[in-house]
Amino acid sequence: MAYEDEFFRTLSEKDIWQRYCGFLDISIDEFMDIQRRLLMDQIARVSDSFLGKKILNGIKPKSEEEFRHKVPITTYQDYEPYLSARCEDVLAEKPLFWCHSAGRRGSFKWMPFTVAEYEVTAKYCVSVCILGTANKRGDINFHPGDRVLMNLAPPPYTFGSILHHLPQYFTFRPQPPFDESENVDFQTRLQQGFTLALQQGTDVVLSLSSIMVKMGQSFVERQKTMKLSPSILLKPRFLKSLIRARLVSKRQGRAMLPRDLCQPRAALTGGTDTTIYRDEILYYWGVKPFEFYGATDSGFLAMQNWNKKWMTFLPDVSFLEFIPEEETIKWAENPDYKPSTVLFNEVEVGKAYEIIITRFHGTPLFRYRVGDVIKFAALEDEETGVKLPQMFFYHRAGETIDLASLARLDERTIWKAIANTGIKYEEWSARKEYNGSQSFLCIYIELKEERQAGEVGHLIDEQLKIIDIDYVDVGTELELQPVKVTLLPPGTFQRYLLERQKEGADLAHLKPAHINAPDETIRRLLKLSEVYSGK
Amino acid sequence: MINPLTHPSYLFPPLVAFVISIVLLITVLVKSRRIARDKAFCAFLFCLTLWSIAIYLFRSSPDINRALFWDRIVAIFVLGLPVVFYHFSLTYVQTRVRAIHKRVYLFLYLYWLLIVILAPSSLFIERIELRSYGYAPIAAPLMYPFMIFCVSLMLAGLYNLSKVYRTSLISEERNHLFYIIIATLILIVGTLLDAIPGLPPIGIWSNIAFSTITAIAILRYHLLDIRLVIKKGLVYFGSIGLLMVIYGILLFGISQYLERNWGITFWRNALILLVIAISLYPIFRKSQERVDRWFYREKYDHLAIIERFGEEIKSTMDLTLLTSSLINIVTSVLKCGIACLFLPDSEGKYFMVAKCQGIDINVLSGLSQQSILVLWAERNEGFLNRRDIDVIPQMRGLTVQERSMLDEVKASLIIPLKNRDKLSGILVLGPKLSEQKYSEDDLMMLRVVCGQAAVSLDNARLFKEVEDSLFELKRVQEQLVRAERTRALGEMAGGVAHDFNNILAAILGRAQLALDDVTDERIRKGLKVIEQAALDGARTVRRLQDFTRVRADHQFEPVNINDVVKKSLELVEPRLRELQEAKGKAIDLSLSQEQVEPVMGDQGELVETLVNILNNSIDAISDNGKLGITTRQENNYAEIAVSDNGTGIPDNIKNRIGDPYFSTKGRLGMGLGLSVAYGIVNRHGGSIDFDSSVGEGTTFYIKLPIASREKVQQSVAKKPEGDLGILNRVVKKARILVVDDDERIRDNLQTMLIQSGHDVTIAENGVQGISKFNDGDYDLVITDLGMPNVSGWEVAKAVKRQVSVVPVILITGWGVQFDREKARLDGVDEILTKPFTRERLCESIERLLNMVDRSLG
């Protein structure tokens, strides 16, 4: 029996909740005790390894203060020669596996996962499922053997690797099963999983938000032309679900949705775009998305509470430090500047911070710049009674568009503004461009409906004024509308995607970046748009 | 003839089974109705209850037709019960694919439905016969295959449970399952026996047995995690109620007998009954006590233990005894194999293992003060069990090392020992040997014992601290007295040595000068005697300074104490051989050396120290004996321990060891060896201590500070330069300024230097010396240290200020008391201790002049 399954068998529901979700009940002091203790343990475990010595400059800090004072802030570049080569001799412990990031920034980041680290991660995988399916404190709606519809990249991508090893610790039924899905392309895997979920039902959907919405859209679009094989129709369970789904959709006067057939108890998502797709996920899948926050270099870092509002940091994954935004700006202006950091018990509400982590459990990553900026929404969540600071993802460090130094727009803000206009769109990409000394927010967007560029620009401008208070000043100060929209003909982004696929680009590099895409990308998009529009 | 149908032994058992089953059912329902596993168990108990009541109704039926109806109802439960049991076993096992379960459940419950439909017909129970023991159902042929399937289902369920029993790592779970498996086996056997034609019905007894065993397991071993708050009430109610019934039946029987056979009236009868009741009361009390003891035996034992432990801790303040006592009592009473007691160290940084049982102390590390376990113990009152470590979120801060240590001791219970909210220690217990869970009574006992222990441990620790402080105070006091005595002696010796050195310098200088002038062999012989006497005198002064520990003229180098030991043994071994050969005194020498980092020191002096101590040890061994030398490194100190099994040092003279001229060897000893050793080691920044018991022997400990890495590196870097200087000696004629207020010395120096071919200018004091140096051009300056108004230091500084490359030699009768490195910083290139020979003087001059030449290129 898998290790975590044993707890489900032997513990009461109260204790199961304590084991997996109890971190939400600890106090800030207890959180810091855990952080400090595991930091000292990490230093002791790793400081004698080659990489540990290199990053710590041969010192063994005796306290958290000394550690923060003497150890410099690092980036992946400091580790790159060893980690990219997957060199195990430089590590303190032999890893259980190596995995790599999606490579959004052009290259993969390879990271080792130690056994101890994976045990903690496996436990948090279960926590995500329990919290995602819970409606109130102590609600255990997820059990070993439940079905999980997964739409994630296979190993050695990080989440694929984590899930691949999970059955050793916790029993679940992946849809599609690992042995059938890991060697097929992403589209086939997506289809396999979705078909299984429709046939068997599913308990939990684990996917990127955008893909979850895409699946819903495609289900709605294709259901009229969809032909069901007799063998599927002969399955009583499916037939029952189908009849019920048809009746429900008919009664509500709408098309049949995935939620009518699958009825998942939770939609678990990671990524920066969940807030954008929240309503659509609820519409298609019938559940509010549950968000967790993590990355290849950081592992799991935070997850939402059962009310699916804000996220709470995890105490035993990484030592957390936060660089206040003003310090980050000073640092950006002067690379020799040593930015000061604050700890989790020192953060302030409403302030943005860049996250610095030191991984626990044996991986030699010290004071590492994850590259994400988060904001704290509250010092505690009164609704759930969680007494720890509550955060949400703000933007990627450096992925903002500065307009005349008056407003700094990130991907989420622009995305939200586009979505709020109500215009149906396929894809977009935004960046700052100049007309003489005048800077503009240029948005390249492919629409699914007929609109004029000026109209779209006006609507986005209006929405930005509502969402970002600083943006209001930009228009006032510049006395012109700072948004310039370039409409791309239908199929431009799809064409771009296919071209990239032909070039052998990796999955993560197929789509153009939403923010500050390089000149080459924009040039290609415009060229493709010319071909399509017949110019 | 008695009618079996109305006989209590026939009617009573189903009622008892019903009562026990219903009580169990209510208990489980109230306490854990949310857990699926317990829900299934409830369903099982419910069927058992209905089965019992159906049997009662069957047995109490007034006629055969009614009995047949109820027996067919019984068949529904008998044949259906295995379905629910199998369901329960599956929820317990919780196999991975629950969808498969659903299909199995569907099939099984359809099967039961079939039984319900078929049972009222004659397919299972054909007819009822009246036998001597009551109604006897006659089974129809279809009953047997159904029976076989049901028994198979029960066995399959048992197999499921036994799988968990075998694989479960949780001992208490295995305990629970053991009870359920045994109870179920009895139930199966009873049911099977019921099916054999001709046998009286005993299935209901197996039903009672099942319910009773399960009840006992719930009450005593918290089966299904049910901890009853009203346990005591229930037990009393049940057991006393049972006794009361027996008691009542007995009295009722007697009264009936008296009335029928003896015709005794009601009032008489009542009186007799009262007498009987009173006389039987002690038996009733005894029985009640037995019940108490049976259910609360542990409590009785625990009270006795608490009393015993209280007595034990009252009689001692010894920390070691207390810890042993606590561990012994806890392990023997609770019958646990492993127990570890962690107590805070003197610095309060760690909780170290003070005592453990059942595990090697070396495999256990301490717990840091920052350990989550310690922080938890400080902030909480309750105990932690192994399950809590997996469940409590605060425990996420446990390190891998701490977790593996807890695994190593198989920690089942972690108990903070607290005295007035202060954490005095942590007691970790392994599992009980019986693999049973620690009961509430065990925990209660531990709470009391550990509370007492915390207070006693704190008191013992305070007592020890006071004792240690007193000992330390005494030691410091003795050290101060010794230091003061040495200082006074040093001051006196220093003064004497200075004056004496000046005198000897004059004698030696003049004698050597005269030796150059005189050719008469007789006079030369006399002068040589004078020269030798002056040199001997100088050596005596040096020894005087040695034991008063005022010398500072040696340059320290990195020394490996293992080399010191080796060289010392080379020096001592001839003496050992001689003793063996000449006097037959065989000393068994043992050597144990560890790798030790170097110390800064003078190897020769350290060898002298060790030889002195070794010689003392050899002298202390009267006949054959043992002499041991060990070296080791502890923290930042290197330690040499010399132990012998000789006569030992009596307490009354311990404080005089190390005093100059104090010896226990009578005329054989000078009393300077250890004094010199103390002086040398003191100068090295170390210490000498000893432990001694009369008749058992003495161990001397020499502790020397480990050299810092920087000092070792500096020393290694300096060495070649010095060697090169000596190798490159070049004789050269120089202009030398001699400054000394002592005319005899001045004249001696002038004569010696002129004879060596140098140009010499004389100054009578410091002021004149500086003035002459400013006016003239000199290659080297020789100055006395102690002069009126302007000292030799000031002359040296003035010279260096003027021309920094001109070397300065300082001559002094205090020479050995100066740190040469410091002197160099003050402008002095060389210190010559009076008296010095002409060769020594010339050698210094030549070396310094050559160095200047090299530095100027």
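The values are calculated or read from the model by the stated rules, or taken from the named source; none is laboratory data. Note that the structure is predicted; figures quoted are calculated from it, not measured. Backbone-built Cβ (ideal geometry, glycine too); neighbour counts: all protein chains shown.
General observations
- Single residue of A:E433, A:E411, A:E450, A:E399 found to be of a type outside the set (A, V, I, L, M, F, W, C) and farther than 30 Å from A:Y353 by Cβ: A:E450
- Any chance A:I460 is of a type outside the set (K, R), in contact with a strand residue (DSSP E or B) (Cβ under 7 Å, 6 or more places away or on another chain), under 30 Å from A:S107 (Cβ atoms) and at pLDDT 85 or above: no
- Here B:S346 clears all of (1) away from chain A (no Cβ under 14 Å); (2) assigned to a helix (DSSP H, G or I); (3) over 17 Å from B:G430 (Cα atoms) except the condition numbered (2).
- Residue match in the stretch B:50-63 (condition: outside any helix (DSSP H, G or I), at negative phi and at pLDDT below 80): no
- Restricted to the stretch A:216-296, the set of helices (runs of 4 or more DSSP H) holding at least 1 residues that are loosely packed, with under 14 Cβ neighbours inside 10 Å comprises A:230-233, A:236-251, A:274-285.
- Test: residue in the stretch B:421-438 that is assigned to a helix (DSSP H, G or I) and either buried (at least 22 other Cβ atoms within 10 Å of the Cβ) or free of Cβ contacts under 8 Å to residues at least 24 places away in the same chain (or both): no
- Looking across the stretch B:635-683, the residues that are assigned to a loop (DSSP other than H, G, I, E, B), at pLDDT 75 or above and among the polar types (S, T, N, Q) come down to B:N635, B:N636, B:N645, B:T647.
- Options B:I73, B:I22: the member that is more than 14 Å from every other protein chain (Cβ to nearest Cβ), modelled with pLDDT of 80 or more, part of a helix (DSSP H, G or I) and touching a Pro at 6+ places or on another chain (Cβ under 9 Å): B:I73
- Residue match in the stretch A:29-41 (condition: farther than 18 Å from A:I356 by Cβ, hydrophobic (A, V, I, L, M, F, W, C), surrounded by fewer than 23 Cβ atoms within 10 Å (Cβ to Cβ) and within 13 Å of chain B (Cβ to nearest Cβ)): no
- Put simply, of A:Y368, A:Y353, A:Y394, A:Y337 the only residue that is among the hydroxyl-bearing types (S, T, Y) and surrounded by fewer than 20 Cβ atoms within 10 Å (Cβ to Cβ) is A:Y337.
- Filtered residues of the stretch A:156-188 (kept if modelled with pLDDT of 85 or more and assigned to a loop (DSSP other than H, G, I, E, B)): A:P156, A:Y169, A:F170, A:T171, A:F172, A:P176, A:P177
- Looking only at the stretch B:116-140, and only at residues there that are at pLDDT below 85 and in a loop (DSSP other than H, G, I, E, B), the one that is nearest to B:L81 (Cα to Cα): B:Y133
- Filter pass, B:K410 being within 20 Å of the chain's Cα centre (by Cα), away from every other protein chain (no Cβ under 11 Å), of a type outside the set (V, I, T) and at positive phi: yes
- Some residue of the stretch B:82-95 being assigned to a loop (DSSP other than H, G, I, E, B) and at pLDDT below 90: yes
- Residue list for the stretch B:477-496, filter: surrounded by 11 or more Cβ atoms within 10 Å (Cβ to Cβ) and among the hydrophobic types (A, V, I, L, M, F, W, C): B:V481, B:A483, B:A488, B:L489, B:M492, B:A493, B:V496
- Scanning the stretch B:376-395 for residues that are modelled with pLDDT of 90 or more, facing another protein chain (nearest Cβ under 8 Å) and surrounded by fewer than 22 Cβ atoms within 10 Å (Cβ to Cβ) yields B:D390, B:V391, B:I392, B:P393.
- Residues in the stretch B:603-636 that are surrounded by fewer than 18 Cβ atoms within 10 Å (Cβ to Cβ), touching a strand residue (DSSP E or B) at 6+ places or on another chain (Cβ under 9 Å) and not polar (S, T, N, Q): B:K626, B:G628, B:R632, B:E634.
- Each residue in the stretch A:5-18 was checked for being out of contact with any Ser or Thr (no Cβ under 6 Å at 6 or more places or on another chain), at the interface with chain B (Cβ under 8 Å from one of its Cβ atoms) and surrounded by fewer than 22 Cβ atoms within 10 Å (Cβ to Cβ), and 9 pass.
- Test for A:L282: is it within 17 Å of the chain's Cα centre (by Cα) and either at pLDDT 90 or above or within 14 Å of chain B (Cβ to nearest Cβ) (or both): no
- When the stretch A:301-311 is filtered for residues that are out of contact with any strand residue (DSSP E or B) (no Cβ under 6 Å at 6 or more places or on another chain) and not charged (D, E, K, R), the ones remaining, listed by number, are A:W306, A:N307.
So that you can scan it fast, the table gives a plain yes or no per residue for (1) free of Cβ contacts under 8 Å to residues at least 12 places away in the same chain; (2) assigned to a helix (DSSP H, G or I); (3) surrounded by fewer than 21 Cβ atoms within 10 Å (Cβ to Cβ):
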residue	(1), (2), (3)
B:H176	no, yes, no
B:I180	no, yes, no
B:L185	no, yes, yes
B:P201	no, no, no
B:N207	no, yes, no
B:F210	no, yes, no
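- Flag for A:F319 being within 29 Å of A:I43 (Cβ to Cβ), in contact (Cβ under 8 Å) with a residue 40 or more places away in the chain and surrounded by 23 or more Cβ atoms within 10 Å (Cβ to Cβ): yes
- Listed by position, the strands (runs of 3 or more DSSP E) inside the stretch A:353-449 whose residues that are under 17 Å from A:E325 (Cα atoms) number at least 1 are A:368-378, A:390-396, A:400-403, A:407-410.
- Of the residues in the stretch A:496-507, none is at pLDDT 85 or above, surrounded by 16 or more Cβ atoms within 10 Å (Cβ to Cβ) and in contact with a strand residue (DSSP E or B) (Cβ under 7 Å, 6 or more places away or on another chain).
- Positions within the stretch B:456-471 being of a type outside the set (S, T, Y) and surrounded by 11 or more Cβ atoms within 10 Å (Cβ to Cβ), in sequence order: B:L457, B:D458, B:N459, B:A460, B:R461, B:L462, B:F463, B:K464, B:E465, B:E467, B:D468
- Whenever a residue of the stretch A:133-153 is closer than 12 Å to A:T171 by Cβ and within 11 Å of chain B (Cβ to nearest Cβ), its partners that are among the aromatic types (F, W, Y) and assigned to a loop (DSSP other than H, G, I, E, B), lying with C-beta atoms within less than 9 angstrom and at least six residues away or across chains, give the pairs A:P144/A:F170; A:P144/A:F172; A:G145/A:F172; A:D146/A:F172; A:R147/A:F172.
- Residues being closer than 22 Å to B:S756 by Cα and of a type in the set (D, E) - total across the stretch B:516-533: 3
- Total residues in the stretch A:2-44, condition free of Cβ contacts under 8 Å to residues at least 24 places away in the same chain and not in a helix (DSSP H, G or I): 2
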